[in-house]
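A short worksheet on the structure shown next.
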Amino acid sequence: MAVTLATLSTASSIDLDSTNLALVGGVAAIGVVALALGVVLRQQVIAAGAGTDRMQEIAGAVEEGAHAYLRRQFRTLVIFVALVFVLLLLLPADSAGVRWGRSGFFVLGAAFSAAIGYLGMSLAVKANVRVAEAARSAGRDDGMRIAFRTGGTVGMFTVGLGLIGAAIVVLAYRGDAPKVLEGFGFGAALLAMFMRVGGGIFTKAADVGADLVGKVEAGIPEDDPRNAATIADNVGDNVGDCAGMAADLFESYAVMLVAALILGSAAFGSYGLVFPLLIPAIGAVTAMIGIFITRAKGGESALDAINRGFYISAVISAVLCAGAAYLYLPGSYGELSSPNETVAQLVGDPRRAALLAVVLGIVLAAVILRMTGYYTGTDSRPTKDVARTTETGAATVILSGISLGLESAVYKVVTIAVVIYLAFLLGGSSVVLGLFFIALAGCGLLTTVGVIVAMDTFGPVSDNAQGIAEMSGDVDGEAAQVLTELDAVGNTTKAITKGIAIATAVLAATALFGSYTDAWTSTVRGIDEGSVSADRVADFEQMVNTQIVSPSVLVGVLIGAAVVFLFSGLAINAVTVAAGSIVHEVRRQFREHPGIMEGTEKPEYARVVDICTRDSLAKLATPGLLAALTPIIVGFGLGIGALAGFLAGAIACGALMAVFLANSGGAWDNAKKIVEDGHHGGKGSPGHEAAIIGDTVGDPFKDTAGPAINPLIKVMNLVAVLIAPAVVTLYLGSDGDQMVRWGIAAVALLVIVVALVITKRDDVAMADSDSEPAVQRA
């Protein structure tokens, strides 16, 4: 179907009446209530017992290392934020107010994302020891409650800041709010990607290094205090899984709202500017309910209790969203205050269609929860099959995990594709309406985000609680088994939340794909007729339609897919290099200080934390530049059609790659848990060593590269939306403007090439240390 400049409509003419303004104000008020509840939950967690002196000493070291890392990371990221703030001011905008608002709210989005990450980390490092103490003194149910409410605190801050930020923009900018929110979403996504990559490199470098030297070479337990990397491993869980994932889910929240408001204002007018805010506001209310009702009953497992709380909150969300749709939206498309004539001519009930779209998203979240739990849970057949392969060596463990990841990626991505297609069909003959319903499906999925964040934070908090318990030696017997169970449940909940985050990334990116079209068509319509000839505009429209079937689109698809592969390779290699440094350092300490193994000398924990911090921050820039600059290269260098293909390739490849990496890593991790529970030879057996190898391979899969793909594809889509007006303006300009366009692409390409060369040079220059094991197996 040919693209025309009337495909979408601008939203600047939309205004909000007093009723709509009151509703948006109510959304902001719900955000404030969510923040207040977050404070209450935080106080409840802090009020719990903090354990023995030894447990508190270990927890204090973890907390100190986590704060030190994030401080250094934020100092690095401030430079990127300042640079992008200036660059956004240079991009075209409808007015000076929109230009400054976009840049200003970019900073606010970045600040909110950083704040969510910091809040998640700062509470998690205090909750870890409290969960361990609760398991020691009170039992499983209290430990589970503290861990889940720690996550609930972060969930409330996530939805609260997301609602407040979006509501403020809508109240201040009305019809121009979608354009300003592009900056808000971009800031959140960019910071989340950096925090995901940096934190992921830190946590997995420490984890892999600790396992390879401690468990494999020295034959000591995973969290044995004699291993100098144990503190760094626990620090990494907090800065990677807690801070990184919290920021990731916040940016998913923000970016989905950006896409929904851009398309909603085009499809539904003022209704489309408000309704997408009502859905996540309802989600905030149901998240409050879900967090308080999640507790194990009787002999119920922790995972069953968490799943039950999720399903109940999802059902409540669906019911309340039905009420919002039928009470707020009009009964026919003709009543919409939308300037889009195609939409106004449709016959049907927008209330029913909008509700179905939201319910599709809620159902998708529930299906992903079940599907991910099946492929990664300790009680499921696929993970048990991976654990069984430990009897035949590390090679079969790795092969079985890769096979599981590849297969599960197909089923999950096909499920997401079905939901996208069904939501699009709700739009009938209107492309923009179909895209808006896809965005609404994403909003529906995010009604559960408060509970999702709680589920995700539950994982690293439980993992750290077990680590602190083992390092201190003060928790044993049944309490130690409780923490092992919670840790295994946490592995599954982390995999589930990664799957849901991937789904939000695909839905948001698909909706932003439509917003990208709006960006360049709106630019062409807004150009002064006297400055560009009608023939030139006609040539441009013909060029776009020609590019849809030209090789340039396929070239864009291939480049987009290739960027996902290169990004993943850089992230995994960064862990490999950093983990090598940790291995050499821990070996050195064992070799030069034999008293460590005898228990008479304390390892140098701080030195390993410093190495992880240094290496992770050094590897941060190149993946970030790749995400931000490749859309600029393709857009300015190859054109609008190629950039559309680029986005399509990145979305498709990114979805498959992210699920593959997350599920393979999750299955390997829980397969190791199964072996450590006494199956297939148990701890210390050859099968256990094979399981450890599989787990170390899976660590950068599931906690570094896989999760970072989510913000990657959203960053690239938002960059495309932001630069589209500039690409069109330069294309329609003079021959000199064409030179400028190609020059921008060339400079961006040069920056990436230089960054890649420096990265490879640094890898080769990694310290050359003795590769022999420093100690005999214990």
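The values are calculated or read from the model by the stated rules, or taken from the named source; none is laboratory data. As the structure is a prediction and not an experimental result, all values here were calculated from the model. FYI the Cβ positions are ideal-geometry reconstructions off the backbone, even for glycines, and counts take in every protein chain you see.
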Review point. Can you tell me which residues in region 133-172 are among the hydrophobic types (A, V, I, L, M, F, W, C) and in contact with a Gly (Cβ under 6 Å, 6 or more places away or on another chain)?
Key: Ala134, Ala135, Val154, Met156, Phe157, Val159, Leu163, Ile164
**Study point:** Breaking point among (1) over 21 Å from Thr294 (Cβ atoms); (2) surrounded by fewer than 24 Cβ atoms within 10 Å (Cβ to Cβ); (3) basic (Lys, Arg), for Arg145
**Key:** (1)
Review point. Would you pick out the residues in region 713-728 that are under 11 Å from Phe636 (Cβ atoms) and surrounded by fewer than 22 Cβ atoms within 10 Å (Cβ to Cβ)?
Key: Ala726
Practice item. Just give me the residues in region 94-105 being charged (D, E, K, R), in contact with an Asp or Glu (Cβ under 7 Å, 6 or more places away or on another chain) and either part of a helix (DSSP H, G or I) or buried (at least 22 other Cβ atoms within 10 Å of the Cβ) (or both), in sequence order. Key: Arg102
Exercise for review: Would you please list the contacts, defined by Cβ atoms under 8 Å and residues six or more apart or on different chains, that run from a residue in region 39-58 that is touching a residue at least 60 places away in the same chain (Cβ under 8 Å) and at negative phi to a residue that is outside any helix (DSSP H, G or I) and of a type in the set (Asp, Glu)?
Suggested key: Thr52/Asp474; Arg54/Asp474; Met55/Asp474
Review point. Is there a residue being hydroxyl-bearing (Ser, Thr, Tyr) and either out of contact with any helix residue (DSSP H, G or I) (no Cβ under 9 Å at 6 or more places or on another chain) or modelled with pLDDT of 80 or more (or both) anywhere in region 709-730?
Key: no
Exercise for review: Can you tell me which residue within region 586-639, out of those that are closer than 30 Å to Thr729 by Cα and touching a Phe, Trp or Tyr at 6+ places or on another chain (Cβ under 6 Å), is surrounded by the most Cβ atoms within 10 Å (Cβ to Cβ)?
Suggested key: Val634
Check your understanding: Of all residues in region 124-162, which are among the basic types (Lys, Arg) and within 22 Å of Val449 (Cα to Cα)?
Key -> Arg145, Arg149
Point to revise | Search result, residues across region 390-410 that are touching a Ser or Thr at 6+ places or on another chain (Cβ under 7 Å) and surrounded by fewer than 23 Cβ atoms within 10 Å (Cβ to Cβ) | key: Thr396, Ile402
Point to revise | All positions within region 46-69 that are assigned to a helix (DSSP H, G or I) and surrounded by fewer than 24 Cβ atoms within 10 Å (Cβ to Cβ) | key: Ile46, Asp53, Arg54, Gln56, Glu57, Gly60, Ala61, Glu63, Glu64, His67, Ala68
Practice item. Quickly run through region 598-637 and pick out the residues that are free of Cβ contacts under 8 Å to residues at least 60 places away in the same chain and touching a Gly at 6+ places or on another chain (Cβ under 8 Å). Key: Glu601
Exercise for review: Any chance you could count how many residues in region 663-703 are among the basic types (Lys, Arg) and surrounded by fewer than 19 Cβ atoms within 10 Å (Cβ to Cβ)?
Suggested key: 1
Practice item. Could you tell me which residue of region 580-628 is nearest to Ile713 (Cα to Cα), considering only residues that are among the basic types (Lys, Arg) and in a loop (DSSP other than H, G, I, E, B)? Key: Lys619
Review point. Looking only at region 87-105, which residues are closer than 21 Å to Gly162 by Cα and in contact (Cβ under 8 Å) with a residue 24 or more places away in the chain?
Key: Val98, Gly101, Arg102, Ser103, Gly104, Phe105
Study note, to complete from the structure: Scanning region 113-171 residue by residue, those among the polar types (S, T, N, Q) and farther than 21 Å from Gly183 by Cβ turn out to be Ser122, Asn128, Ser137, Thr150, Thr153
Study note, to complete from the structure: Scanning region 444-493 residue by residue, the ones that are outside any helix (DSSP H, G or I) and of a type in the set (A, V, I, L, M, F, W, C) total 1
Review point. Looking at Ala192, is it under 26 Å from Ala720 (Cα atoms), crowded, with 24+ Cβ neighbours inside 10 Å and out of contact with any Leu (no Cβ under 8 Å at 6 or more places or on another chain)?
Key: yes
Study note, to complete from the structure: Restricted to region 747-758 and to residues being modelled with pLDDT of 90 or more and more than 18 Å from Leu90 (Cα to Cα), the residue surrounded by the fewest Cβ atoms within 10 Å (Cβ to Cβ) is Val753
Exercise for review: Would you mention how many residues in region 66-86 are small (Gly, Ala, Ser) and more than 13 Å from Ala124 (Cα to Cα)?
Suggested key: 2
Exercise for review: From (1) crowded, with 24+ Cβ neighbours inside 10 Å; (2) assigned to a loop (DSSP other than H, G, I, E, B); (3) modelled with pLDDT under 75; (4) not basic (Lys, Arg), pick out the condition that doesn't hold for Asn227.
Suggested key: (3)
Study note, to complete from the structure: Selection from region 566-606 of residues closer than 27 Å to Thr704 by Cα and among the aromatic types (Phe, Trp, Tyr) yields Phe567, Tyr605
Review point. In region 119-159, how many residues are part of a helix (DSSP H, G or I) and either farther than 19 Å from Gly309 by Cβ or of a type in the set (A, V, I, L, M, F, W, C) (or both)?
Key: 27
Point to revise | Enumeration of residues in region 115-131 that are under 19 Å from the mean Cα position of the chain (by Cα) and within 17 Å of Leu486 (Cα to Cα) | key: Ala124
Point to revise | Number of positions in region 106-141 that are under 30 Å from Ala189 (Cβ atoms) and either crowded, with 24+ Cβ neighbours inside 10 Å or without any contact (Cβ under 8 Å) to a residue 60 or more places away in the chain (or both) | key: 17
